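Okay, structure first, notes after.
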Amino acid sequence: MKSILEKIKGKTDLSAKFREREQLRRQVNSLFNLLSDLYGSDKIVLRAGKLNILQAMRSDYLPEQVLALQKLVFEDPTIETVPELDDIPGILDEIENEIADIIARRTLEDELEKKINERLQQRHEEYVREIKMQIIKENAGPENAQTLKKFAVLEKLEQKSLVRSALDILRPASIDEIIGQERPVRALLSKLASPIPQHILLYGPPGVGKTTAARLALAVARGLKHSPFETDAAFVEVNGTTLRWDPREVTNPLLGSVHDPIYQGARRDLADSGVPEPKPGLVTDAHGGVLFIDEIGELDVILQNKLLKVLEDKRVFFESSYYDPSDNNVPKYIKKLFEEGAPADFILIGATTREPEEINPAIRSRCAEIFFEPLTPSDIYKIVYQAAQKLNVAINEKVANLIAEYTIEGRKAVNILADAYALACHRSPDDANPAISETDVYEVIQVSRLTPYVIRRAAENKEVGRIFGLGVAGFIGSALEIEAVAFPARRKEGGVIRFNETAGSMARDSVFNAASVLRKLTGRDLYDYDVHVNVVGGGRIDGPSAGAAISLAIYSALENLPVPQNIAVTGELSIQGMIRAVGGIPEKIYGARQCGIDTVFIPWENKKDIPSDARGVKVITVKTLEEIIEHIFSDHARPVS
């Protein structure tokens, strides 16, 4: 009975062990299926192949399957020991815990990835929305129905235009059309069209073609092979009287300035990031070309010194306390401007109506100086005829001569002609090309309140106590009518010498010098006479250059000797009777020619100042007052070569 029970118990134990083993096998299969679902069957096979456990996975021996499962889960190829059957439950518990950790990590990663994707999608939508708004702003901008209507009105106005102004049509279009300035224009071309061009200062009265000559000279230089100017070299023109700047460098249109991002209106994108904005000026616009400053003598003195620095460096440098070289928000061009400066390699041409002594000496030392000449009546005559051809209008010789009487400026002459042309068109509206008459010119003269430029004319006759002196004002010479009378003194204690004080203190001193010299030459004491010297018209005499002329007028009055009215005299009179050098000889000869004077006496010391083209004026050089007296009051005047 006992053996039967033992057998039954043994069978029961075997059945329990079989069921336990089957349960373990099912548990292992479930774990393999779970891994397959977790990683994917393909990846499980690839991983098993790398761990060399494919055969163990397919084995019917449960411990080998568990070993394969261990390597697969823990990814540890060093596990080599096949577990015992009794150890398998504990190993499976470890494997289940590891798989649970993997699933937990995978779940957390999926949740994070989901949130990340949601956040990325949100950012993407915001970015797309910003792009759309930017496109809408760019396409729409600040425009609305009213602004678009005003823009359309402006566009319609642009389609209408009148003819060009008279000055645009009549302005010289080539170097050959500049009249009366052959020598200055030749000098300008030689200095500008050279392989090594020079900075230039142009002196001369207004309206003689300084600006036009500079512009056309650059046009000529652009076309020369040896010229450093490119075909697109800029001609930047500015007037010195309009160049206003702030010493704090808030604004400087000539040299450039820096606009800080807070107070001075830097560009919005720069202001938002706190970046200052350098703005190059006209000197940079003129880089590689010509910067023409009209009326350069009116330029602010400090600005002139700053301009000199640019001429030396050929660059403009900018400074700002807001600039940070380490700031990554600074654009490359701004960093380059602050660190290297803006290029400013140009040729300076300055024009002025001032005297050379009034111009900054430092600028003068860096520039070649060219003097433009005042226009003569014959020059004005040619300019008027040239302008008439451009207007395609007929004029006669009297019209040109009449205009030449009232101006010595080419610009003014052209304006008078244009005004007369307008009157002719108004008088004959049906005539396509009306002729300009003297009546039209006289009407323009009367309406404009013009007076003849030359009011003193030379004559062939002779007069006692009257002579022409010569003066200069603003690069223009003119004749001064000087007259004198002498009477025996009314008072026994001595005569009176009178002189119009408005002529200046130097002219008054010349009268007293003349008294001493004449007493020495003639033995006459001027204080035995009442002498009155007058400069007709009250013209002011700057300097002692009228000394000789005043002496001759007094001498003529004392000796009752007539003076030819076609001569003029200039020179300082010393108390020794010497004729000393004076300035402005070319301009004075020009003034004599304007008045029809054909003979001019100048100091011998000014011999080298006589222009080569005196144009019909005989120039006689003298050393003493006695020489002039000999020439004037005898019929044997001779020029000194």
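Couple of notes before you dig in:
- Selection of first residues in region 303-321 that are assigned by TED's automatic domain parsing to the domain that holds Lys335 and surrounded by fewer than 16 Cβ atoms within 10 Å (Cβ to Cβ) and of second residues that are at pLDDT below 90 and part of a helix (DSSP H, G or I), restricted to Cβ pairs under 8 Å at least 6 apart or on distinct chains, gives the following pairs, ordered by first then second residue: Glu319/Phe338.
- Screening Leu348 against (1) assigned to a strand (DSSP E or B); (2) touching a Phe, Trp or Tyr at 6+ places or on another chain (Cβ under 7 Å); (3) of a type in the set (A, V, I, L, M, F, W, C) leaves a single unmet condition, (2).
Residue-wise test of (1) among the hydrophobic types (A, V, I, L, M, F, W, C); (2) over 60 Å from the mean Cα position of the chain (by Cα); (3) within 12 Å of Leu31 (Cβ to Cβ); (4) in a helix (DSSP H, G or I).
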{"residue": "Ile79", "(1), (2), (3), (4)": "yes, yes, no, no"}
{"residue": "Leu92", "(1), (2), (3), (4)": "yes, yes, yes, yes"}
{"residue": "Leu108", "(1), (2), (3), (4)": "yes, yes, no, yes"}
{"residue": "Glu113", "(1), (2), (3), (4)": "no, yes, no, yes"}
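- Scan region 569-581 for residues that are surrounded by fewer than 24 Cβ atoms within 10 Å (Cβ to Cβ) and touching a Ser or Thr at 6+ places or on another chain (Cβ under 7 Å) and the total you get is 5.
- Within region 220-256, the set of residues being within 18 Å of the chain's Cα centre (by Cα) and among the aliphatic types (A, V, I, L, M) comprises Ala233, Ala234, Val236, Val238, Leu243, Val250, Leu254, Leu255.
- Filtered residues of region 393-421 (kept if within 20 Å of Pro205 (Cα to Cα) and not in a helix (DSSP H, G or I)): Thr407, Ile408, Glu409
- Test: residue in region 371-379 that is in a loop (DSSP other than H, G, I, E, B), touching an Asp or Glu at 6+ places or on another chain (Cβ under 9 Å) and among the β-branched types (Val, Ile, Thr): no
- Residue check, Val73 assigned by TED's automatic domain parsing to the domain that holds Arg26, outside any loop (DSSP other than H, G, I, E, B) and touching an Asp or Glu at 6+ places or on another chain (Cβ under 7 Å): yes
- Qualifying residue in region 398-415 (condition: modelled with pLDDT under 90, closer than 21 Å to Gly297 by Cα and either of a type in the set (Asp, Glu) or in the same structural domain as Arg315 (by TED's automatic domain parsing) (or both)): yes
- Any chance Ala193 is modelled with pLDDT under 90, among the hydrophobic types (A, V, I, L, M, F, W, C), crowded, with 17+ Cβ neighbours inside 10 Å and over 25 Å from Lys306 (Cβ atoms): yes
- Long-range neighbours under 7 Å by Cβ, at least six apart or interchain, first residue farther than 17 Å from Tyr442 by Cα within region 387-402, second of a type in the set (Phe, Trp, Tyr) and surrounded by 21 or more Cβ atoms within 10 Å (Cβ to Cβ): Leu391/Tyr421; Val393/Tyr421
The values are calculated or read from the model by the stated rules, or taken from the named source; none is laboratory data. Quick caveat, the model's predicted, so the values are computed rather than measured. Heads up, the Cβs are rebuilt from the backbone with ideal geometry, glycines too, and the neighbour counts pull from every protein chain shown.
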